[in-house]
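Written below as structure tokens is the structure these notes are about.
Just so it is clear, none of the values below were taken in a lab; they were calculated from the coordinates. Fair warning: this is a prediction, and the values are worked out from it, not measured in the lab. Cβ coordinates were reconstructed from backbone atoms using ideal geometry, including for glycine residues, and neighbour counts include every protein chain displayed.
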Amino acid sequence: ILKVINPLFMDGLRAEFARINNLKRGRDAELLAFQSRLASLNFLDPACGCGNFLIIAYRELRLLEIELVKALYTDVFNRPGLTRSDYQFSAASVSKVDVDQFHGIEIGEFPAEIASAAMWMMDHIMNNELSRTFGQNYARIPLKKSANIVHGDALELEWADVIAPDKCDYVMGNPPFIGAKMQSQLQREQVRDTARLGGSGGTLDFVAAWFLKAGEFVNAAPRPRGIAFVATNSITQGEQVAQLWPLLFERFGLEIAFAHRTFAWGSDARGKAHVHVVVLGLTKQLDEPEVKRLFSYSDVNGEPGETEH
């Protein structure tokens, strides 16, 4: 999950925080503005399952916000003779990032319910972390906000009905992996309807449909900044390349901003296959970064080395 969210947005946010935190003038005002920006970001996982990507993204965003709050109030912490009871603010007043910034689509009803509850659980964990920072008890009770998790088929739903494209910043996740020959008749029709390749409809992996839907979604408004999905490496080699990538590059005007080359994604769950996957980060051509990041693996079970291009 971190291989997706770090290059997609967290690395950039951490770098921006470090830059602001080192300012000699106007630091506090810029930190407050940066915190407001964190609280304005919106995320969509259109294949969210039990919400793992949303949960970890929320955790990382809250941890960054806690570092920001500590930086803002360092003088308060270190003021001689001042006790925590003397603070002129409460822990509840300094946190702006909340669960309602996170949106998901999940075809299974039970996992969708788990995702909503799990976001509240992570919120509670991060509120406890904030409480430890300030020595105050902070619980967001009663629960007034929640993640927007929609139970439905992401290839049939309009994503704009879950979150408007002009309010969404990042699309991310781990869509299902089903090869062309293993798809049901319905799944095959969904991929063909999404790709609109004509003729035989192509032989695209099921995961490719999420890339195409995401390309259409981010082109509906100027705001979405990036897409990143885990995918089977089949969509980056062989016959699928000529079917999928011209659509992403030419139909939807996307470019690759970062990528993890093939690595092994294993699972400890019984009966779960170990697959070789890639991570692909895409952005609109107008937002294309001058430098792209590529993560390559000399050992598919090891850690990558990074190069810039």
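Report the trypsin sites (Lys or Arg not before Pro) located in the stretch 125-220 that are in a DSSP loop and have at most 13 other Cβ atoms inside 10 Å of their Cβ, or state none. Walk me through the intermediate numbers first.
Working: sites: Arg132, Arg140, Lys144, Lys145, Lys167, Lys181, Arg188, Arg192, Arg196, Lys213; in loops: Arg140, Lys144, Lys145, Arg196.
Here the sparse-neighbourhood loop sites are Lys144, Lys145, Arg196.
Checking the table Lys145/Lys167; Lys181/Lys292; Lys3/Lys96; Lys3/Lys145; Lys96/Lys144 against a 23 Å threshold on Cα-Cα, which pairs fail?
Table pairs above 23 Å Cα-Cα are Lys181/Lys292; Lys3/Lys96; Lys3/Lys145.
Which value, in nm² and rounded to one decimal, describes the direction-averaged projected area of the C-alpha convex hull of the stretch 34-77? Don't skip to the end; give the middle numbers.
On the way: hull surface 14.1 nm².
Convex hull of Cα atoms, orientation-averaged projection: 3.5 nm².
Against the longest alpha carbon principal axis of the chain, how many degrees, from 0 to 90 and to the nearest 10, is the axis of helix 52-72 turned?
Taking Cα atoms only, the helix is inclined about 30 degrees.
Taking the Cβ of Met122 as the centre, find all other residues whose Cβ is under 9 Å away and add up their charges (Lys, Arg: +1; Asp, Glu: -1). Walk me through the intermediate numbers first.
On the way: positive: Arg59, Arg62; negative: Asp123.
Residues close to Met122 contribute a combined charge of +1.
Using just the helices of the chain, give the 222 nm mean residue ellipticity in deg cm²/dmol: DSSP H runs with n ≥ 4 each add -39,500 (n - 2.57), and the total is spread over all residues, rounded to 500.
Details: 10 runs with 115 residues, N = 309.
Taking each H run of at least 4 residues, the total per residue is -11500 deg cm²/dmol.
How much of the DSSP bridge set in the chain is antiparallel, in percent, rounded to the nearest 5?
Numbers: 19 of 35 bridges.
That works out to approximately 55 percent antiparallel.
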